[in-house]
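Notes for the one structure printed next.
Just so it is clear, none of the values below were taken in a lab; they were calculated from the coordinates. If you're wondering where the values come from, they're calculated on a predicted model, not measured in any experiment. Cβ placement follows ideal geometry from the backbone for every residue including glycine, while neighbour counts extend to all protein chains displayed.
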Amino acid sequence: MYPEFFPRNAWYVAARSAEVGDGLLSRWILGDPVLLYRTEAGRPVAMVDRCIHRQMPLSLGRRKGDEIECGYHGLTYNTEGICTRIPGATSISQRVRVQVFPLYEEFGLVWIWPGQRDLADPGLIPDHHWYTDPGWATVSGTLHMNARAQLMNENLLDLSHLSFLHADSIGSPEVAEAPVRVKFDDRSVTVHREMPNSSCYPYLTRLTGIDEPIDRVQTAEFIAPSFGITTAMSRPHADADDARACRQKAMHGITPETRTSAHYFWSTSRDYAIDDDSVTGYMAEALRTVILQDIGACEAIEHIIAAWEPSYPVELNIKVDAGPLQARRILERMIAAEQKMSEGDAPAWTSVSDTAARAATQAWAKRNGSNRDEREVH
């Protein structure tokens, strides 16, 4: 079975840096409504998106400098979540406050720690420096998925599906047949496959003009609890060197929104034709299409799983599932350790139903005119 919950004492992608600005961005993360914005000095801030008075979303209020004024009754909060103004009150207790989450911004991503503040170690954040490295050309975006995050985590670890779900773009028959090597530790899983003298896939031909047998290498990495990196290299099989080798690194921040929905922060970077805008444009559209196919598959599976709950349909595990199954075990151990540390209490986000959270976030997005599909090219 897929993990029911995700650990809170971990870093998750909250947003791409470009998404967080002067405006008030509302985003549900692990069952919590979160308000994101930047101070006038440019520092990102994240606090629970609800006023402590009557639960009005603070994202529907207004900024007063770096402070947030609730749009319902005017309670105002500073960047530490402390209430600094209650209309009509002459004094305010320091206990009147909303939760503020630790954030860390690096290489174009804003990371959030939903758990205990004193455990938030930035050293646990996976390296993703290429996302903003001028030696790579990058396309990126944010998408939403009405399916549990682990479905996508496992999709990205088992790339055999490229031969079928993405046969017209990044897939070829050899991917599903290639043997895989799986490595794992207490926090990550790596699945590696090599495909010498394989057929060239349509996406590479369109990007580079290469239309001959290639040597292809793929490495899919899962870093718990919900981040993925895919490294790929292709070069003509007949070439004696790497002069025409094409390398790409894809990044996948799969952040749970609720138990059965997630945000997908995606990017792909390449080290070839980095100044060719036509290649960048095609890459952005083609990869968005690929990701939407993955999301469609995950949402279809979620629909089946939901019909069986609280039971679960029988699954057959095959050889290519070694990596995804290890990812599940890592998450299960992380969750068990966290629950033991909190004396067996259930995760805080279990108190928010999937239906309520999803309805709320969709309503807020509609009111604010937000775009659930935001792309960036740089």
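Under the rule of at least 5 residues apart or a separate chain, name every residue whose amide H is placed under 5 Å from the amide H of E105.
W111
For a quick check: with amide H placed at 1.01 Å from N, whose amide H comes under 5 Å from R216's, ignoring anything fewer than 5 positions away on the same chain?
Under 5 Å from the amide H of R216 lie the amide H atoms of M195, N197, S198, each far enough along the sequence or on another chain.
Could you tell me the distance between the Cα centroids of the range 239-291 and the range 305-325, to the nearest Å?
Each part's Cα centre sits 28 Å from the other's.
Find how much the distance from H129 to E4 grows on full extension, using 0.36 nm per residue of separation minus their present alpha carbon separation; answer in nm with one decimal.
41.9 nm
Would you kindly derive the ³J(HN,Hα) couplings of the range 142-159 from the backbone phi angles with the Karplus curve 6.51 cos²θ - 1.76 cosθ + 1.60 (θ = phi - 60°), listing them in order in whole Hz, with x for Gly and Pro?
10, 10, 10, 9, 8, 7, 5, 4, 5, 4, 6, 3, 6, 4, 7, 8, 9, 7
Just how far, in whole angstrom, is the range 1-76 from the range 95-128 if you go by their alpha carbon centroids?
The range 95-128 and the range 1-76 have Cα centres separated by 13 Å.
Using the 10 angstrom Cβ neighbour count as an exposure proxy, how do T260, T280 rank, fewest first?
Going from sparsest to densest Cβ surroundings: T280, T260.
Would you please state which residues of the range 171-211 a label at L325 would reach in this model, taking the label point 7 Å out along Cα→Cβ and a backbone N cut-off of under 15 Å?
180-184
Taking only the alpha-carbon atoms of the range 124-336, what semi-axes of the equivalent ellipsoid follow from 5 times the gyration tensor eigenvalues under a square root, in whole Å, largest first?
Gyration-tensor ellipsoid for the range 124-336: 29, 19, 17 Å.
Give me the distance in nm between label points sitting 7 Å out from Cα along the Cα-to-Cβ direction at D118 and Q293, one decimal.
With each label point 7 Å from Cα toward Cβ, the separation is 5.0 nm.
Which far-off residues, 5 or more places away or on another chain, put their amide H under 5 Å from the one on E257, with H placed in the peptide plane?
Correct list: L30, A262, H263.
Within the range 1-23, what residues put their amide N at less than 15 Å from the label point 7 Å along the Cα-to-Cβ vector of Y312?
1-6
Report the extension gain between Q55 and S342 in nm, rounded to one decimal, defined as 0.36 nm multiplied by the number of residues separating them, less their alpha carbon distance.
Taking 0.36 nm per residue and subtracting the Cα distance, the gain is 100.7 nm.
Grab the Cα-Cα distance for E332 and T39, subtract it from 0.36 nm times how many residues apart they are, and report the gain in nm with one decimal.
Additional length available on full extension: 101.8 nm.
Please state the equivalent ellipsoid semi-axes for the range 21-161: what are the square roots of 5 times the Cα gyration tensor eigenvalues, largest first, in whole Å?
33, 17, 15
Suppose R0 equals 30 Å. What FRET efficiency, 1/(1 + (r/R0)^6) with r the Cβ-Cβ distance, do R63 and I274 give to the nearest 0.05?
Calculated value: 0.20.
First check a/c for the chain, with a ≥ b ≥ c the square roots of the eigenvalues of its C-alpha gyration tensor; if it is under 1.5, answer rounded, and if not, answer prolate when a/b is larger than b/c or oblate otherwise.
Prolate.
Please give the per residue volume of the convex hull enclosing the alpha carbon atoms of the range 109-212, rounded to a whole number of Å³.
172 Å³
What list of ³J(HN,Hα) couplings, whole Hz, do you get for the range 121-136 from phi and the Karplus terms 6.51, -1.76, 1.60, once you set θ to phi - 60° and write x for glycine and proline?
9, x, x, 7, 6, x, 5, 8, 4, 5, 4, 10, 6, x, x, 10
Can you run phi through the Karplus equation (6.51, -1.76, 1.60; θ = phi - 60°) for the range 30-42 and list ³J(HN,Hα) in whole Hz, with x for Gly and Pro?
In residue order, the calculated couplings are 6, x, 9, x, 10, 9, 10, 6, 10, 6, 5, 8, x Hz.
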